[in-house]
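The values are calculated or read from the model by the stated rules, or taken from the named source; none is laboratory data. Keep in mind that what you see is a predicted model, and the values were worked out from it rather than measured. FYI the Cβ positions are ideal-geometry reconstructions off the backbone, even for glycines, and counts take in every protein chain you see. Each accessible area value is taken on the protein alone, full model and side chains, heavy atoms only, with ligands, DNA and RNA left out. Shrake-Rupley method; radii C 1.70, N 1.55, O 1.52, S 1.80 Å.
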Amino acid sequence: MTSGTRHDEPSGRDTARTASSSRGPDIAAPHWLAQLLKPRPAPIDWKRAARTAIAIPAPIAVGLAFGQLGLGMLVSIGALCGSVTSISGPYRDRARRVGLAVSAGAVGFFLGDLVGARGWWTAVLIVGVAALSAIFSAGGNNASLASLQLLVYTVLGTHEASVVGPWTAAIGFLVGAGWALLLAVAAWPVRATAPERALVAAVYTGIAEMLSASGTAAAAPARQRLTTALNSAYDALISARSRLQGRDKVYLELFTVLSETTPVVEAAVAMVNARHRPPQAVLASVVALGEAIAADEPPVELELPDTGSPSLLALVHGLNAVTEVLTGDRKPDRKRPRPVRRTPRERATEWFETVLAGPAAWLHALRLALCMTVAEVLVSVLPMQRSYWLFMTIAIVLKPDFGSVFGRALLRGGGTFVGALVGAAVLALAPNGWVLVLLVAGIGFLLPIAQVRNYGMFSTVLTPLVVVQLDLAQQGSWDLVLERLADTALGCAIVLVFGYLLWPGSRTPRIGGRVAEVIDAVADYAERALNADPRGRSTLRRRAYRQLSDLRIEFQRMLVEPSAAGRLAAAWYPAIVALERTTSSVTRFAVEIDEGEPPPPGDEVTELVAAIRDTAAAVRDQRTPADAPELASDRMAALAGDVNLVISGLRGPDLDARRPRLRLVRRLRPS
């Protein structure tokens, strides 16, 4: 028998090592820098890119046609706000998100234009709006985005005060934003449920991708994308049903299909966990069901096997159940309880208790107000002609809920540097007439593509667009480029010093509480699934995977921090991967039990669940977690091995030596 590598020749690894030695030692990039520059993989949303390419340049084209280029640029600024804040998904969500954001932006534009550049009066306005923006940003994703638009366009309004009056500015802004919103929801009257249907169909696309990647390194990322698709579909349908008043037949059918998809997802996860790839006919059936859901048509007849492993049979049973719903052989359960709508008073009470009553929002408000105050002092001392760019930089970078402040500062600076050069080149070409419209359309098309991949790429694309909109009159002025770069660098420096480095707790890791919560969620799911108790099992599984997904995103944000937080996230990241593997193993066992396999011994389940819960308690108590127990049955011993991988990952390299200097958890309010 011959081996794959001949013994009389160096292997590929030895060759690489020899070549590396001849060049000298390799210098690896720091983990935070590699994570910072790496773009996120994301599909291109062609529809949104096309909408943006139409929404932003159209007002400029109209302004050119009527000899009102300045007014067209003003309306285009509003269209930019509506386009950047628009998202793909349910029309109701788009309208709510964009409507709230552009309303806040219009108010800010009006206030900024009303006050204008009046020295310390402008400073008081900007600092006050910054504090309010920080407080309201804690009210949720939509509120956070709207508060950012309020602050940014208040700053921009102070710049535009010398061009138009406040009422003209606000009306022009709203016209542009309304135009972008109209494009985003134009198909709502005739295709009201199309986005929700597409989200449910995307779940089957994710299942097919995950099953196709079974046994390869691409399986884990595919499962994570499937979790995201499931979360998006459930969120959209639950949100829609909570607001319907009886006319919910289509949503009810979609929700039934999604509910019947749960066994399909569990069986698919079980197959991937066992590194089994289903037959091609099964993969084709999954794809066919997704296409039928997307087209709102009955599926073609499926060719599914009737023999195979327990997980394969569970997958087949689940696909047949979904087929029955789509063909009308099984009617939706109209007795399904409708989500309870909260009253405005209940929403206000919850917002007060979670936002205003906690210290996080007030500390962020104080930090943002401090940075804005420092900027105002510098503006009063230094000769700065366009100081609004400095304030915009601070407002955009200092958004902790948008990611790492440190990472955003570096990416904003680098992206603005490149983008300002591009913008200066555009202005130097003096692209009058329709050439200007085409250039803006091309930049607008790239905007949503870059937005979902990397903040530096987004800044690179956004900067030349804003430069063209605000400074078209300064054609060919390289002083403008230098001012943009200087303002951006100064704004990032202010944030890094006064909003990050000197701020207590900015670089201290506070992720232990989140990790412990996720471990507890996995323990709850394992206890229910391994004891063959079907009550609420799918809900616990979704909660565990959702929290794991959120935790992974939080860790990916922290990985770009060159501080104790980033080092701890890098050390604990393998534990998160092992925790996902443990959850998938539990799902596999649950599917096998459903297909007739005997459940594991109850005492072993109790021991293992207790070990998982003790791991969560160890993280909270900042002590070394104990190993999982040695179990007699083969399946439970394998699961205990997965749990031990979690435990060893949480210990981390040299973590015990660093622990006295780290605050791993906040004892009263886990982060």
When ranked by the protection proxy of mean other Cβ atoms within 10 Å per residue, highest first, what sequence do the peptides 411-418, 295-302 form?
411-418, 295-302
So how exposed is Arg567, as accessible area in Å² (1.4 Å probe, rounded to 10)?
120
Once all protein chains are kept in place, Trp503 shows an accessible area at probe 1.4 Å, nearest 10 Å², of 50
Which shape class, rounded, prolate or oblate, goes with region 58-196 when its Cα gyration tensor gives a ≥ b ≥ c as root eigenvalues, a/c under 1.5 marks rounded, and past that a/b bigger than b/c marks prolate?
oblate
Size of region 508-594 as Cα extents on the principal axes (Å, biggest first):
47, 18, 14
Quick one: divide the alpha-carbon radius of gyration of region 562-659 by 2.2 N^0.38 Å and tell me what you get.
1.20
How big is the gap, in Å, between the Cα center of region 273-288 and the Cα center of region 95-116?
50
Burial ranking of peptide ranges 108-115, 91-98 (average Cβ count within 10 Å, highest at the top)
108-115, 91-98
